[in-house]
Amino acid sequence: MAIGILGLTVGLALGGVVLLAALGFVLQRTVDTEAFRTADAVALLAAEDALPDPLPVAGGQVRVQVVDAQGRIRAASIDADRLVPMVRPERLDRDRRQRLEVPAERVGLAGPVRVVTVPAGTAADPLTVLVARSMADVRHSTHVVRTILLVAFPLLVAVLAAVAWRVVGATLRPVEALRRGAEEITGRAGPGRLPVPASGDEIHRLAVTLNGMLDRLESGRVRQRAFVSDAAHELRSPLTNIRTELEVAQRLADRTDWSAVTANLLADTDRLSRLVDDLLLLARLDEAPPARGTGPVELGALLAEVAARYPSPPVRVAAPLGPLWTTGNADELRRVLANLVDNAVRHAHGSVVLAAEAVPRTAGSYHLVTVTDDGPGIPVADRERVFDRFTRLDDGRARDDGGAGLGLAIARELVRRAGGSITLTDAEEQHGLRVCLLLPATAAEEGPQTAP
């Protein structure tokens, strides 16, 4: 605030100085213009050899003399000296117009005195017209303006400082409230909201934006805390099993069936490895997706490749009528289908069908990939929730089967990265679950990316 007022004071002072300089310059130019006008009129009379005596000049603050080459006064106004020229002869340049300052006592006017000279007469009889005007009025005018500025300037600065203090204070008061609110939120390290002023101005919009940012940060913090908690819980389960197996084996000593222990440890290790891989994949998916490894993928071949990893029955493929191409990462799409088929096989009673078909859309064409099983399905109310991380509708059965509740979350993130969407619906006649993938269709010029 103080710096702003100081800058305002300096600016006003510079403005006053410039105003005084401009005023003095304009008034002086006005005096010179009027003097030259009078001198030109007298020079015209001299050229016509019609100089009256005395010279007719209006105004008591003007003196006129006509001087010849020898410095003699040929004609003068009624108040001008007829013996002594107003300007010493050595200062005169008889070939050009001049502006000179002369002592007031030499002219008999109140000083300072401005004299202009204009060449006149003929080549045979050169003359010089001298016109003197007092600058007292100009000095008085500039003095009055300077006095007014000196008196009004401190008052103006004081008034502007008071207004600026009130206006800036009123403007910054909501900002100070935001600062205190942010300090309170930081101090308690918990959720909170900043006060929103009712002004409806930029500060109001800033507060709304900051509150939205705080909400997103708090939501991200809650998600991160839940993710870390769930991950720690899931990691603790196989580690606890491994520790229990080893402790029992240590107590039994020679009676330990090391083949069974090894098999159990390998199963828990595999489960732990899959969980770590899933967590690392989700961490990478939360970052910007890499552009490498993206290209045309033929969905029919990809379905056949994924289905070949499972026994038939229960898994079979309904081959599409022709090649269906999409653009994406073949490894990521293969991971999506593998997760979906794993879930379907885990819950199916006896049938899992993979299919793909073209679906024309108004905003572009898509391919529909479905994975259908004849299991118990998922209630409608839970079909969005199952895509959350570490969500399992049957925790005990899912843990026994090795599931951690990350398969569908990974599948949705990978499908979004490919530019598609994933939804859950009922299978035909509501017997089982159908997972529908919409992937953007594209015309391929290369072979499919289905190599492992």
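Observations on the model:
- The residues of the chain have, on average, 58 Å² of accessible surface per residue, using a 1.4 Å probe with all protein chains present.
- Summarising the label geometry, the points placed 7 Å from Cα in the beta-carbon direction at Ala443 and Val167 lie 6.4 nm from one another.
- Nitroxide proxy distance, nm - points 7 Å out along Cα→Cβ at Asp388 and Thr240: 2.2
- With R₀ set to 60 Å, the beta-carbon distance separating Val151 from Arg193 gives a calculated FRET efficiency near 0.70.
- Around the amide H of Tyr366, modelled in the peptide plane, lie the amide H atoms of Val359, Arg361, Ala441, all under 5 Å away and 5 or more residues distant in sequence or on another chain.
- Integer Hz, Karplus 6.51/-1.76/1.60 couplings in order for segment 367-380, x for Gly and Pro: 10, 9, 10, 10, 10, 10, 10, 9, x, x, x, 10, x, 4
- Cα centroid separation - segment 312-329 against segment 369-388, whole Å: 20
- Among the GluC sites (Glu not before Pro) within segment 245-342, those in coil by DSSP and having at most 13 neighbouring Cβ atoms inside 10 Å are Glu287.
- Placing +1 on each Lys and Arg Cβ and -1 on each Asp and Glu Cβ, with no other charges, gives the chain a dipole about its Cα centre of roughly 1880 debye.
- Length-normalised contact order of segment 1-122 in % [C-alpha pairs under 8 Å, at least 6 apart]: 22
- Average Cα contact separation per residue, the chain, under 8 Å, 6 or more apart, as relative contact order %: 10
- R0 of 51 Å, Cβ-Cβ distance Val17-Leu217: FRET efficiency to nearest 0.05: 0.45
- Segment 76-140 and segment 269-285: distance between their alpha carbon centers, rounded to Å: 104
- Counting protein heavy atoms only, the chain has 58 percent of its accessible area on carbon and sulfur, 1.4 angstrom probe.
- Ordering of 148-156, 233-241 by packing is 233-241, 148-156, highest average first (other Cβ atoms within 10 Å, averaged per residue).
- Relative contact order [Cα under 8 Å, 6+ residues apart], segment 331-390, whole percent: 30
- Using θ = phi - 60° in the Karplus curve 6.51 cos²θ - 1.76 cosθ + 1.60, the 3J(HN,Hα) couplings for segment 344-358 round to 5, 5, 5, 10, 6, 7, x, 8, 9, 10, 9, 8, 8, 7, 7 Hz; x is entered for Gly and Pro.
- Per-residue HN-Hα couplings for segment 216-223 [Karplus 6.51, -1.76, 1.60; θ = phi - 60°; Hz; x = Gly/Pro]: 5, 5, 5, 4, x, 5, 5, 5
- Residue-averaged 222 nm ellipticity for the chain, from DSSP H runs of 4+ at -39500 (n - 2.57), nearest 500: -17500 deg cm²/dmol
The values are calculated or read from the model by the stated rules, or taken from the named source; none is laboratory data. Nothing here was measured: the structure is a model prediction, and the numbers come from that model. A quick note on method: Cβ atoms are made from the backbone with ideal geometry, for glycine too, and the neighbour counts reach across all protein chains shown. We work out accessible area using only protein heavy atoms, side chains counted, and drop any ligands, DNA or RNA first. Shrake-Rupley method; radii C 1.70, N 1.55, O 1.52, S 1.80 Å.
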